[in-house]
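The values are calculated or read from the model by the stated rules, or taken from the named source; none is laboratory data. Bear in mind that the values here come from a model prediction, so they are computed numbers and not experimental data. Ideal geometry is used to build each Cβ from the backbone, glycine not excepted, and the neighbour counts take in all protein chains shown.
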Amino acid sequence: MNTYLILIIAAYFLVVSFGYWLDYMNLAYMKKYGSVIPPEFEGYIDQSLLSRTGDYNIEHTKFEFIHSIFNNIVFLLFIFTLLNIYNSWIVMLNLSFILSGLIFFILLTYFETLLSIPFSLYSTFKIENKYGFNTMTFKLWMTDTIKSLLISTILTSLVIAIGLLIIQKWPGSWWFMVWCFFLVFGIFMMYISPYVIEPLFHKFTPIENEELESNIRTLMEKAGIKVNRVFKMDASKRTKHTNAYFTGIGKVKRIVLYDTLIEKMDHNEVLAVLAHEAGHWKKKHLLKSLIAAESIALIATYISYRILQSDFLLTLFHIEQGSFFAKVVILGFLSSIVSFPFSPVFNYFSRRHEDEADKYSYEITGDRESMISTLVKLSKDNLSNLHPHPLYALFHYSHPPVLERIKKIRELAK
């Protein structure tokens, strides 16, 4: 076996093994400290709820472990055995470059979706049901799955077709043209998704509470945000989890509140959540993240272009028929290995943004206690692990652990 291939396989197993070790350390840490009720949660939770929280996280982690093992086995089998057969079949069809690419990638998407269905069903109707989160019927699950598949097919086909057309028309500079296309397409989706795609899955209605809507508009005016509409979303048809978010690019925003959030939070807590979201806009976190992500994407696209110029990957993985599409799949596999060590860096900046948004929420509302009670309720209702292992959080948490956030919020008033 080629030395390079041995090193790649070793690196892959090292990354996977390290991920599983992090899971183990996180569960061990939770078992050690999970029975301790933090002062911030006294009166909100008891030992029974802590025990239930531990059970939920343990069961969820074990399920994800089995799912991950299955996915890794299937993927390794595919890339080291079936990719050559599959690629040869596509080449034998003797179709155009764009049509070949569409069939190649769309069929892979369908295959991946098919394999994920049993795990999605178990997670939704076994684990989430057991712990009282799921409110979705099987009929609704089926409807959502079919809609998602249809939308995914349309959008993925569009992206693949245009991307391959660019590669075909500009073979010497397609890396930059493809990057530009993905940038424009991503921004376009930010605009149309709230108005075209989201209503296919959820019902959006104006919130009935005029006082709450008035308070929201007043708060947003203080932040310099013009609110177009304030909507309630029927999230309770699918889950008991809570959330709120902004849509829209620029100063004009559309605010969406989960009906579960309105039900579980008082007005001041809802305002604290929205003030936090306003902080992300005020501090230009979306713009900064977009610039950072697109800068990295530009570099990655150019490196990919250089690598895809040669047949080194095909030779390395013993692909018999020359194929651009097979090289893309192999490159995606290698990218997953290379990108893993950078997870703590990306999460670090994400957690900094969350801290800044928390600080802004306090500055604009002056309400420290509502911010804290919101975090406590969210953690309690979602059975969140209050004691994640620091190293696990470093690699997996895009938000600071809740106790760390509460501590920093309390320090804001000093």
- Task: State all residues of the stretch 257-273 that are of a type outside the set (S, T, N, Q), buried (at least 16 other Cβ atoms within 10 Å of the Cβ) and either free of Cβ contacts under 8 Å to residues at least 60 places away in the same chain or on the phi > 0 side of the Ramachandran plot (or both); if no residue qualifies, say none.
- Result: LEU257, TYR258, ASP259, LEU261, ILE262, VAL270
- Item | Tabulated pairs, the stretch 134-159, first of a type in the set (D, E, K, R), second in a helix (DSSP H, G or I), C-beta under 8 angstrom, 6+ apart or interchain | LYS147/LEU200
- Message: Taking the conditions exactly as written (buried (at least 20 other Cβ atoms within 10 Å of the Cβ) and either more than 26 Å from GLU356 (Cβ to Cβ) or of a type outside the set (Ser, Thr, Tyr) (or both)), does LEU290 satisfy them or not?
- Response: no
- Query: With (1) modelled with pLDDT under 95; (2) assigned to a helix (DSSP H, G or I); (3) over 25 Å from the mean Cα position of the chain (by Cα) as the list, and GLY101 as the residue in question, which single condition is left unmet?
  - Reply: (1)
- Message: Testing TYR24 on (1) surrounded by 15 or more Cβ atoms within 10 Å (Cβ to Cβ); (2) in a helix (DSSP H, G or I), one condition comes back false. Which one is that?
- Response: (1)
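If you check LEU375 against the conditions, is it in the same structural domain as LYS408 (by TED's automatic domain parsing), buried (at least 19 other Cβ atoms within 10 Å of the Cβ), hydrophobic (A, V, I, L, M, F, W, C) and within 22 Å of PRO401 (Cα to Cα)?
Working: in the same structural domain as LYS408 (by TED's automatic domain parsing): yes; buried (at least 19 other Cβ atoms within 10 Å of the Cβ): yes; hydrophobic (A, V, I, L, M, F, W, C): yes; within 22 Å of PRO401 (Cα to Cα): yes.
It is true that LEU375 is in the same structural domain as LYS408 (by TED's automatic domain parsing), buried (at least 19 other Cβ atoms within 10 Å of the Cβ), hydrophobic (A, V, I, L, M, F, W, C) and within 22 Å of PRO401 (Cα to Cα).
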- Task: Just give me the residues in the stretch 30-57 being among the hydroxyl-bearing types (Ser, Thr, Tyr), at pLDDT below 85 and not assigned by TED's automatic domain parsing to the domain that holds PRO401, in sequence order.
- Result: TYR44
- Counted residues in the stretch 388-414 being under 20 Å from the mean Cα position of the chain (by Cα) and either small (Gly, Ala, Ser) or not assigned by TED's automatic domain parsing to the domain that holds MET30 (or both) come to 2
- Query: Here are some conditions: (1) charged (D, E, K, R); (2) more than 30 Å from TYR360 (Cα to Cα); (3) outside any helix (DSSP H, G or I). LYS139 meets all but one. Which one does it not meet?
  - Reply: (3)
